[in-house]
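Data block below; observations after.
Bear in mind these aren't lab numbers, they're just calculated from the coordinates by the rules spelled out. What you see is a predicted model, and the numbers here were worked out from it, not measured in a lab. Heads up, the Cβs are rebuilt from the backbone with ideal geometry, glycines too, and the neighbour counts pull from every protein chain shown.
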Amino acid sequence: MGGAIMHISRLDIYIFKLTLYGILVAAGGVCLSIILVDIVEQLRNVSGVANANTFTALRFTLMRTPGILELALPFAVLVGSIVTFMRLARSSEIVAMRASGVSTWRFLSPVAVLAALVGLFAIFILGPSSARLNLAYETQLQALTAVATTKTGEGGRTVMWIKDRGPDFQLTISAEAGSAGQYSNVTLLTFSKTDSRFIARYDAMTATRTEQSWTLFNGVKSSVGAQAAPFTRLTFPILKDRLEDNQKNKDATARAMSIWDLPRAARDAEAAGGSPQRYWLQFHRKLALPIALLSMAMIAAVLSLSSDRFGHRAIMAAAAITAGLLVYFINDISGALATAGYAPSWVAAWCPPLAALFIALATVSYREDG
């Protein structure tokens with residue numbers, strides 16, 4: 001009996017390691033694809049920006065990779081499990097295990113445990129880390145792209161274009177750069193925060209910028225319907241927090257947040273008169289991630305009960321991938337219904353992975369027990 005227990009334990013470890021290797025290979029393929037595609041976009045973002053180069057684009061891509069990997073984890077688990085079961089079937093190891101009296105449920109248990117562990121890792125480690133990196137990425141990208149430099153005039157003078165945010169206005173400034181926050185030949189344009197309507201133009205001989213404000217000296221204010229008025233000194237407070245883009249995809253913003261920050265964001269959105277649904281939806285989706293990964297592993301498990309013929313296994317692999325895509329689209333549709341207020345967010349987050357898991361378990365049970 002002790003030898004049997006040791007044999008089962010070694011089998012569990014063997015299948016666990018084999019599945020982990022398959023998932024890591026699949027996740028590595030996803031990361032490589034992300035890097036190759038996203039670095040092109042980042043090169044476009046930083047092109048023409050001072051103090052930015054190819055290494056800047058690569059750093060931005062690496063900062064975005066954990067967040068996208070978190071979204072791609074279900075497919076990484078699906079593909080990794082498929083690779084594992086195909087390898088076991090090709091080498092007739094599944095046939096040998098079943099011939100020795102090992103049930104399908106027994107050699108599926110290490111895969112289920114691994115899927116659940118990967119889900120917990122994504123919730124408590126990968127998710128918060130990707131949220132911090134995504135925030136750093138957006139902050140650094142904005143800091144770079146908010147300032148553009150051009151060469152103009154005799155002698156190739158360097159003119160800077162800077163965007164800042166004030167409590168009441170959006171500010172766009174063009175100026176010749178000096179040193180230590182000093183600028184000359186400054187033109188400052190103010191726009192409404194609500195509708196981007198032009199408000200006034202300020203032309204000044206010199207200006208200084210700190211983290212708290214712009215200060216203009218010896219200039220003229222021009223606005224629509226009013227005469228130009230000279231001024232000696234004007235100060236424009238600026239905010240240090242990130243500039244909110246009204247066109248930003250709020251669903252993408254919620255997906256990029258840590259599970260710990262989502263409840264607070266939902267309450268803040270509700271207090272501000274907005275809808276908290278997208279934040280609660282992402283909160284429940286992150287909680288349901290281990291179930292989603294487990295359902296993907298069980299969908300791939302159907303391969304283990306297929307025929308020994310390679311053509312049949314290939315068809316089953318394609319069917320498993322199709323089923324995974326179907327679950328993804330159903331999950332996306334249910335999320336859209338929840339965001340629109342037609343379904344509770346917890347129902348939209350939990351029902352698709354649970355339904356996929358139950359269907360996969362029922363299929364395995366039917367093939368195993370009849």
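Converting phi to 3J(HN,Hα) with the Karplus coefficients 6.51, -1.76 and 1.60 and the offset θ = phi - 60°, segment 283-289 yields 4, 6, 5, 5, 5, 7, 4 Hz in sequence order, with x at every glycine or proline. Modelled label positions at Thr215 and Asp332, each set 7 Å beyond Cα in the direction of Cβ, lie 5.3 nm from each other. Stretching Ser184 away from Ser9 to a fully extended chain increases their span by 55.5 nm, per 0.36 nm per residue minus the current alpha-carbon distance. Residues Trp161, Trp280 in ascending order of nearby Cβ atoms (within 10 Å, fewest first): Trp161, Trp280.
In this structure, Asp261 and Ser192 have a Cβ-Cβ separation that, at R0 = 30 Å, corresponds to a calculated FRET efficiency of about 0.50. For Lys193, the residues 5 or more places off, or on other chains, whose built amide H falls under 5 Å of its own are Gln170. Working from label points 7 Å from Cα in the Cα-to-Cβ sense, the Arg106 to Leu325 distance is 3.7 nm. Rounded to whole numbers, the Karplus 3J(HN,Hα) couplings from phi for segment 117-133 are 5, 5, x, 5, 4, 5, 5, 9, 10, 5, x, x, 5, 5, 5, 5, 5 Hz, using 6.51 cos²θ - 1.76 cosθ + 1.60 with θ = phi - 60°, and x at Gly and Pro.
Largest first, the extents of the alpha carbon coordinates of segment 29-112 on the three principal axes equal 67, 21, 14 Å. Close amide H pairs (under 5 Å, H built 1.01 Å from N) link Ala200 with Thr190, residues at least 5 positions away or on another chain.
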